[in-house]
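Beneath this line is the structure, given in structure tokens, with notes to follow.
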Amino acid sequence: MTDATHRNSFPDKMPMQANPLARLSQHMVAFAERWFPDAYVFVLIAVVVIALGTIVHGGSPLAVSRAFGDGFWNLIPFTMQMALVAIGGYVVAMSPPVAAVLRRLAAVPSTARGAVVFVGVLSIVLSLLNWGLSLIFSGLLVREIARRKDIRLDYRAAGAAGYLGLGCGFTLGITSSAAQLQANAASIPSSLLPITGVIGFSETILTWQNLVTTVIVTALSALICYLTAPNPMLVKTAEELGVSLDDDRIEPKKPARPGDFLEFSPILTILIVVLALGWLWQTFQSGNPLITLSGLNTYNFVFLVLGILLHWRPRSLLEAFSKAMPSVSGVLLQFPFYAGIAQMLTKVPNSSGVTLSDTIAHWFVDASANSTVFSFLVGLYSAVLGFFIPSAGGKWIIEAPYIMKAANEIGAHLGWTVMIYNIAETLPNFINPFWMLPLLGILGLKSKDLIGYTSVQFFVHFPIVMILAAILMTTFTYHPPILP
């Protein structure tokens, strides 16, 4: 490492006008750049830690190995869905009409610091509607802003801001898997239904308490973005990070031979879109369109059809699809390892028939003295477990039986208990690169480039949000489960 590189990674002196949070963020950035491993190495470390923890807990090494292998492919459908979320969003955003919208939005901020805040707030707002849209659109918006020559945008800080929707926003909105599951009697497992009953949105995401939480989280995130955006002397642009911003342009082409006619004609596009419209009409007329859209299969279908339509000609779509593929390489490689982690945590019992996940959960639940303490401990536990099982819906199925049973015994409001889970379980996303992978693929960065900034978001958010959730629990009145 040269002296110049060392000075860039570990600045000896921060500018005098830098605030304490900015200095902290730069030290975290320097630490992450030097020590934080690639996301793939990170997941391998997590596998080893959980495997050893499960063995220490009393599981046999053979059972741990079997659980890892048995669970390894459990997320294959979800992995493909996640890959298509990234590809679909990329394809839509690369279409000429949406690319024009991105260019207009990219021109809104007047300063580099303002651009970081702008991306962060937009990421959270979009995540309340759909997390996939937030993740992909924000990443492409960062690339578009980075192309501007009139401001020196710190590409890392802006990329981290584009991740805010996945770190603290999406489970507060319509795409909350836990809230959706609890609102639909047909979706609730039969063993869970007597414990929780049906909990409508009026008691979860549509409460004034959740609105207050959302506003505070958004304002807090924007403030952190503003304070941690680096001083101009410390800015690293996309060019300085070795990221090309010209490789996702789709140049208009013309057919080179008669056989290319259909590739450059909208005839097949029109026929396919008309065919798809029948299914879409039947699907969306049956319920709330936002809830319907939040289903991954429906979401991916809509975005692919929309991409086909917006590109208009098959050749344009094919080129966009090809350019989107690098953004999903991390997803395809690493998601199976997380499935193995979940299996080891939840399916390897000790001699007493208790899994490591159960032991951790029961320890927190038994320590609860009242609904306020219970709220804080549930949030803490959900965040800890969320670091190792970064899957909102699947993890709720693991936690809900014992957490909701304890909520009934303690007298904690069931709907807000769901929201405490939602509030807490996304926070580890700031320091776990699982959900970051599609964004990293779009930005052309590594997790170490963003973690320095997102970790500051985590350390500031965690105590504030946990205390807020516990205080708001006192504004609710408990009632028993409502059975259908």
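A few points about this structure:
- Accessible area of residue 91 in the full protein assembly, 1.4 Å probe (Å², nearest 10): 0 Å²
- Based on Cα contacts under 8 Å between residues 6+ apart, the chain shows a relative contact order of 28 percent.
- Protection proxy ranking, peptides 335-341, 322-328, average beta carbon neighbours within 10 Å, highest first: 335-341, 322-328
- At q = 0.13, 0.20, 0.22 Å⁻¹, base-10 log of I(q)/I(0) for segment 345-484 (Debye sum, equal scatterers on each alpha carbon): -0.61, -1.16, -1.30
- Contact order, relative form, for segment 368-484: 39 percent (alpha carbon pairs under 8 Å, 6 or more residues apart, mean separation divided by residue count).
- Surface accessible to a 1.4 Å probe, per residue, for the residues of the chain, Å²: 43 Å²
- Counting protein heavy atoms only, the chain has 67 percent of its accessible area on carbon and sulfur, 1.4 angstrom probe.
- Prolate/oblate/rounded label for segment 418-484 (Cα gyration tensor, a/c 1.5): oblate
- For the residue pairs 347/448; 253/323; 254/446; 236/446; 253/446, alpha carbon separations beyond 25 Å are given by 347/448; 254/446; 253/446.
- The packing ranking of peptides 156-168, 252-264, highest mean first, is 156-168, 252-264, where packing means the average number of other beta carbon atoms within 10 angstrom of each residue.
- When the square roots of the Cα gyration tensor eigenvalues are ordered a ≥ b ≥ c, the ratio a/c for segment 10-144 is 1.5 or more and a/b does not exceed b/c, which makes its shape oblate.
- Once backbone amide H atoms are built at 1.01 Å from N, residue 237 has 155 as its partners under 5 Å, excluding neighbours fewer than 5 places away on the same chain.
- Ranked by the mean number of other Cβ atoms within 10 Å of their residues, highest first, the peptides 209-216, 430-437 come out as 430-437, 209-216.
- Cα-based shape type of segment 160-263, given that a ≥ b ≥ c are square roots of the gyration tensor eigenvalues and the cut on a/c is 1.5: oblate
- Interchain or long-range residues, amide H under 5 Å from residue 482's placed H: 198
- The computed volume of the Cα convex hull per residue in Å³ for the structure shown corresponds, within (i) 136; (ii) 167; (iii) 325, to (ii).
- Sorted largest first by accessible area at a 1.4 angstrom probe radius, with every protein chain in place, the residues 239, 319, 399 fall in the order 239, 319, 399.
- Overall, the chain carries a charge dipole of about 920 debye about its Cα centre when +1 sits on the Cβ of Lys and Arg and -1 on the Cβ of Asp and Glu, all other atoms neutral.
- Span-rule helices in the chain, defined as complete DSSP H runs reaching 27 Å or more along the axis (Cα) with Kyte mean at least -0.5: 208-228, 329-347, 447-473
- Each principal axis of the Cα atoms in segment 134-175 has its own extent, and those three values, largest first, are 37, 15, 11 angstrom.
The values are calculated or read from the model by the stated rules, or taken from the named source; none is laboratory data. Here the structure is a predicted model, which is why all the values come from computation and not from measurement. Quick reminder, even Gly has a Cβ in these numbers, built from the backbone with ideal geometry, and neighbours come from all protein chains shown. These area figures cover heavy atoms from the full protein model, side chains too; ligands, DNA and RNA do not enter into them. Shrake-Rupley method; radii C 1.70, N 1.55, O 1.52, S 1.80 Å.
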